[in-house]
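Accompanying notes for the structure given below.
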Amino acid sequence: MCKAMRDEQKTKEQLIEELAEMRQSLSKMEEKLASQQQAEVQVQQKQHFLHTVVETTPDIIYVYDLVEQRNVYINHQIEEILGYSCQEIQTIREKVLPSLIHPDDIARVKEHFELFRTCRDSEAIEIEYRMRHANGEWRWLYSRETVFARNAEGLASQILGVAQDITERRNAITRLHESEQRFRHLADTAPVMIWMSDTNKLCNHFNQPWLDFTGRTLEQEIGNGWTEAVHPHDRKDCINKYQNAFDARQQFTIEYRLKRFDGEYRWILDTGIPRFDSVGNFVGYIGSGIDITEQKQILKALGESEERFRCALMDAPLPILLRTEDGEVLLVNRTWTELTGYSIQEIPTLKDWLERAYGKRQQQVTDEIERVLPIEGPTAMGEYAITTAMGTTRIWDIYASLLGPFAHRRLVVVMAIDVTQRKQIEADLQQAKAQLEMKVAERTVELLQANNHLHRLINILTATINQQTKIEAQLREAERRWRSLLENVRLLVIGLDSEGKVEYVNPFFLELGGYTREEVLGKYWFTTFIPQYQQQDMQKILRESLQGELHTHHENQVLTKFGKERTIVWNNTLLRDAKSQIVGMMSIGEDITQRQALEKIKDEFISVVSHELRTPMTSIHAGLNLLATGLVKLDSEKGRRLIEIAAESTERLVRLVNDMLDLERLQSGKITLNKQKIKTDELLRESTELMQVIANQSEVNISVFSQSIELTVDKDRIIQVLTNILSNAIKFSSKGSTILFTVEKIQAKDGRSCAVLFKSQDQGRGIPAEQIETIFERFHQVDASDSRKQGGTGLGLAIARNIVQQHNGQIWVESQVGLGSTFYVMLPISENSEQ
Ligand code: ADP
């Protein structure tokens with residue numbers, strides 16, 4: 001409340017009191033007036049005074065009759081304040097309350113009137129209420145009322161009131177209240193932490209964000225409670241700063257760490273300002289805090305980053321200079337100083353640098369810098385020769401770049417690549433290149449000569465290599481041929497090492513011996529493949545050969561896998577290594593086993609044949625000799641007998657030669673069988689018929705038991721077999737005996753096919769058991785005189801067996817000496833026989 005208002009209030013209170021006093025005085029005066037006419041004048045004077053006061057006061061002065069419920073008096077201010085005339089108000093009877101008082105205030109006004117029942121005379125009762133202005137607006141009034149008149153019972157009947165228009169004040173208070181509400185709302189919702197303190201430095205308010213932040217209650221924070229949450233390290237400094245600023249009534253800003261509700265200390269930037277009331281009285285401080293932890297971290301990071309950048313710049317291996325646009329050199333890095341010899345103190349401005357580095361060329365360089373400087377972004381300035389503090393010259397490839405503003409001035413970063421060394425190397429290289437080219441030219445001539453020489457050498461070498469290759473190919477071919485020969489030849493080839501172990505063996509050996517390669521290679525030759533009785537001799541041959549006395553030929557027996565012995569004739573040669581040392585023996589052998597057997601047969605054959613031929617020849621020769629010499633007369637009995645003998649012998653010779661030729665043809669396969677279908681009875685009949693004459697001559701009977709079985713055979717050859725058997729039976733039977741000649745169908749030995757069995761059973765002399773088999777061989781006869789006596793050749797059965805075998809048949813004999821012999825001829829009638 002302003003002073004003017006307070007003064008006004010005070011005046012009003014005094015006025016009311018004065019009015020009360022006046023009333024008393026008046027009543028006294030009235031009393032006196034009643035009694036004293038003289039006082040009338042005074043009264044009139046006082047009334048005038050009162051009237052003047054009442055009419056000039058800015059407040060409404062009224063007398064309200066509690067009984068009549070109307071204003072019995074009201075001054076003109078009513079018009080001013082509520083827009084009604086005094087008459088209008090006074091004429092409102094019993095309608096003052098409902099028509100003029102705000103409905104919300106009526107009850108209160110009524111209660112207020114009730115208070116006057118017990119109110120003392122000098123007591124003033126206040127009330128604030130709203131009344132309707134003539135224009136319909138509500139106006140706030142402040143009334144101070146006191147008992148004005150009492151009835152006979154002493155009860156208050158009229159009240160005197162002074163009403164003051166407080167609408168403006170009320171509105172101001174409302175606005176203030178609303179403003180404060182808004183402020184509080186704002187303070188509680190603002191993202192800042194707000195506090196207030198009183199004149200004793202003690203805090204009396206913390207907004208909701210503050211309490212939310214600390215997680216503490218208002219009661220805990222009030223006074224100096226809030227300092228408990230300040231970080232112990234910061235607390236003293238924080239309180240000091242606050243108190244110092246407080247005492248000086250100055251604004252302050254402090255940073256301190258405050259513990260958040262979650263226990264984390266956060267950096268707070270707190271700004272406090274002194275508060276003064278409307279009349280300038282200091283009423284305390286108000287402050288706001290914001291959490292600047294993030295900013296601090298960012299700032300710290302920025303600081304670090306800037307430091308790193310600075311360090312990088314300082315330590316960069318390139319010379320770098322940082323200057324302002326107007327030429328102040330802010331930084332030259334280490335490399336710059338090292339290369340130029342100038343520290344920042346020696347080149348505080350660009351001009352100093354240009355002067356020192358370029359000397360007389362300074363202006364030219366300055367012009368170039370000014371020309372390119374406005375260009376945004378990095379600019380290549382080109383190569384410059386700079387003079388260092390040491391007086392040497394360096395070549396720099398310079399780049400400049402315009403950076404953003406720094407303290408309102410733009411920065412230029414100048415960077416250079418020191419190419420002095422490179423340039424020197426390039427120059428050296430150039431020189432070296434020239435020298436090299438010269439040397440290359442010289443060397444080229446030398447090389448060309450050497451090359452020609454080399455070419456010739458290469459040609460010779462190529463020719464030699466070609467020759468070599470050709471020889472190798474020939475060797476390979478020769479080796480291939482030899483190997484092929486060894487692999488395919490029908491001779492045995494074995495290679496023995498010096499110990500007699502088999503190192504090589506050819507396929508034919510394996511084939512002949514029935515061995516596998518594994519069964520032979522690496523085995524001791526003599527103990528494995530030579531019969532024991534020859535082992536020693538053979539070992540001796542090898543031993544002697546290895547010692548240089550080569551046995552070029554030898555013959556020995558070789559054992560096959562099945563224990564058979566084969567006769568091999570060997571041809572030996574020594575095996576030598578690259579140094580011509582004897583390392584083994586290679587033998588090529590021929591299997592002569594069969595040849596040997598044939599030789600033996602041939603020898604026997606020749607002796608027999610020569611004997612068989614010589615006998616008739618001798619008798620022919622002797623007979624003819626006797627006749628030729630005339631010792632025996634041709635026409636004599638003896639002469640005729642000699643001619644008969646010669647004829648018989650000749651016949652015998654012819655037969656013998658025929659039989660031999662026949663047998664030879666049969667054995668060599670020169671005769672092909674002329675097979676045809678024929679019945680057995682026919683074969684038997686024809687054979688018997690052919691033999692019947694001789695049988696008759698010998699007085700031997702032939703008894704035939706025949707069956708008609710069809711056969712497919714060479715008819716003539718089978719008849720030849722059967723007649724040979726019959727003729728022998730007749731020859732070796734005694735007179736009057738009978739030969740049983742039969743044929744029957746039998747089961748072959750295999751049990752499946754059928755066969756025909758011819759049987760010739762005689763009662764002759766029989767054949768000794770040991771000759772049962774041999775009589776089927778050539779020239780074998782039981783008795784050597786048989787040929788002479790019986791006219792046989794000893795070839796008949798050999799021929800017969802050959803013919804039967806060619807028919808896949810069998811021929812054999814069963815005999816007992818003195819009892820007779822039975823010859824069997826079995827011929828198959830199965831399909832095989834037809835082949
Ligand atoms: P040969 O022309 O001598 O008869 P073979 O080969 O026919 O020639 O007979 C050989 C020999 O077998 C005869 O010389 C004879 O000694 C003996 N031989 C053959 N058949 C009989 C037989 N039925 N009884 C006794 N001996 C026989």
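What follows is calculated from the coordinates using simple rules that are stated; it is not laboratory data. The shown structure was predicted, so the numbers you read here are calculated from the model rather than taken from an experiment. Glycine also receives a Cβ, built like all others from the backbone with ideal geometry; neighbour counts cover every protein chain displayed.
If you line up the long axis of helix 796-806 against the longest principal axis of the chain, both from Cα atoms, how many degrees apart are they, to the nearest 10?
Relative to the chain, helix 796-806 is tipped by roughly 20 degrees.
So if I average 1/r over every pair of distinct C-alpha atoms in region 229-300 and take the inverse, what Kirkwood radius in Å does that give? Provide the component values of the computation, followed by the final result.
Working: mean 1/r = 0.0754 Å⁻¹.
After inverting the pairwise mean of 1/r, the radius is 13.3 Å.
What area, in nm² and to one decimal, does the C-alpha convex hull of region 413-452 cast on average over all directions? The partial results should precede the final answer.
Values: hull surface 14.2 nm².
Across all orientations, region 413-452 yields a mean hull projection of 3.5 nm².
Using 7 Å Cα-to-Cβ label points, what is the residue 445/residue 276 separation (nm, one decimal)?
10.9
Taking θ = phi - 60°, what integer Hz values does the Karplus form 6.51 cos²θ - 1.76 cosθ + 1.60 yield along region 284-293, in sequence order, with x for Gly and Pro?
Running phi through 6.51 cos²θ - 1.76 cosθ + 1.60 with θ = phi - 60° gives x, 10, 10, x, 9, x, 10, 6, 10, 4 Hz.
Under a 5 Å amide H to amide H cut-off, with H placed in plane at 1.01 Å, what residues pair with residue 829 once short-range neighbours are removed?
754, 755, 756
Taking loop as defined by DSSP and a crowding limit of 11 other beta carbons within 10 Å, which trypsin sites (Lys or Arg not before Pro) in region 436-507 fit? Don't skip to the end; give the middle numbers.
Details: sites: 439, 443, 456, 470, 476, 480, 481, 483, 490, 501; in loops: 490.
Listed in order of number, the matching sites are 490.
Using Cα-Cα distances under 8 Å and only pairs 6 or more residues apart, what relative contact order does region 680-835 have, in percent? Could the numbers behind the result be given before it?
On the way: 300 pairs, mean separation 37.8, N = 156.
Reported relative contact order: 24 percent.
Relative to the longest principal Cα axis of the chain, at what angle does helix 637-667 sit, 0 to 90 degrees, rounded to 10?
0
Quick one: which residues, 5 or more positions from residue 584 or on another chain, have an amide H under 5 Å from its amide H? H modelled 1.01 Å from N in the peptide plane, none for Pro or chain starts.
Close amide H contacts, sequence-distant or interchain: 575.
Where does the Debye-calculated log10 I(q)/I(0) of the chain sit at q = 0.04, 0.05, 0.08, 0.11 Å⁻¹, using only Cα point scatterers of equal weight, no solvent?
-0.64, -0.72, -1.04, -1.28
Using the scaling law 2.2 N^0.38 Å as the reference, what is the normalised Cα Rg of region 439-494?
Details: Rg = 23.1 Å, N = 56, 2.2 N^0.38 = 10.2 Å.
Normalised by 2.2 N^0.38 Å, the Cα Rg of region 439-494 equals 2.27.
Report relative contact order for the chain in percent, whole number only (criteria: Cα-Cα under 8 Å, sequence separation at least 6).
Working: 1246 pairs, mean separation 33.7, N = 835.
For the chain, the relative contact order is 4 percent.
Residue 501: which lysines have alpha carbons under 30 Å from its alpha carbon, excluding same-chain residues fewer than 8 sequence positions away?
523, 540, 561, 564, 579
If each of residue 631 and residue 255 carries a label point 7 Å out from its Cα toward its Cβ, how far apart are those two points in nm?
17.2
Run the reach check for residue 46 against lysines, Cα to Cα strictly under 26 Å, same-chain hits fewer than 8 apart removed. What comes back?
10, 12, 28, 32
Translational diffusion coefficient of region 688-795 at 10 °C, 1.306 mPa s, Stokes-Einstein with Kirkwood Rh over Cα pairs, in µm²/s as a whole number. Before the final figure, lay out each step's value.
Details: Rh = 15.3 Å.
This corresponds to a translational diffusion coefficient of 104 µm²/s.
For helix 103-115, report the angle its Cα long axis makes with the longest principal axis of the Cα atoms of the chain; keep it between 0 and 90° and round to the nearest 10°.
50
Using the Karplus equation 6.51 cos²θ - 1.76 cosθ + 1.60 (θ = phi - 60°), what ³J(HN,Hα) coupling, rounded to whole Hz, does each residue of region 311-319 give in order, writing x for Gly and Pro?
4, 4, 5, 5, 8, 4, x, 9, x
Choose one of 173, 99, 213: the residue whose Cα lies farthest towards the positive end of the charge dipole of region 78-220 (beta-carbon charges +1 Lys, Arg; -1 Asp, Glu; about the Cα centre).
The listed residue farthest towards the positive side: 213.
Arranged by the count of other C-beta atoms within 10 angstrom, fewest first, what order do 99, 734 take? Intermediate values should be presented prior to the final figure.
Working: 99 10, 734 13.
Listing 99, 734 from fewest to most nearby Cβ atoms yields 99, 734.
Given only helices, namely DSSP H runs of n ≥ 4 each adding -39500 (n - 2.57), what is the per-residue ellipticity at 222 nm of the chain, to the nearest 500 deg cm²/dmol?
Values: 25 runs with 402 residues, N = 835.
Roughly -16000 deg cm²/dmol at 222 nm, from the helical runs in the chain.
With a 10 Å Cβ neighbour count serving as the proxy for reagent exposure, in which order, fewest first, do 525, 812, 482 appear?
Listed from fewest to most nearby Cβ atoms, that is 482, 812, 525.
From the square roots a ≥ b ≥ c of the eigenvalues of the alpha-carbon gyration tensor of region 272-348, which class results: rounded (a/c under 1.5), prolate (a/b over b/c), or oblate? All intermediate terms of the calculation are to be shown ahead of the outcome.
Details: a/c = 6.27, a/b = 2.66, b/c = 2.36.
It comes out prolate by the Cα gyration axes.
Enumerate the calculated ³J(HN,Hα) couplings along region 486-494 in order (Karplus 6.51 cos²θ - 1.76 cosθ + 1.60, θ = phi - 60°), each rounded to whole Hz, writing x wherever the residue is Gly or Pro.
Using θ = phi - 60°, the values come out as 4, 6, 10, 5, 8, 10, 8, 10, 10 Hz.
P(r) for region 60-203, please, calculated from all Cα pair distances in 5 Å bins and given in %.
Distribution as computed: 2, 9, 15, 19, 15, 10, 7, 6, 6, 5, 4, 2, 0, 0 percent.
Among the lysines, which fall within straight-line cross-link reach of residue 360, defined as a Cα-Cα distance under 20 Å, with same-chain neighbours fewer than 8 residues apart omitted?
Filter leaves 351.
Given an 8 Å cut-off on Cα distances and at least 6 residues of separation, report the relative contact order of region 257-408 as a percent.
On the way: 193 pairs, mean separation 17.6, N = 152.
Here the relative contact order equals 12 percent.
Return the long-range amide H neighbours of residue 121 (sequence gap of 5 or more, or a different chain), with a cut-off of under 5 Å between placed amide H atoms.
Under 5 Å from the amide H of residue 121: no residue qualifies.
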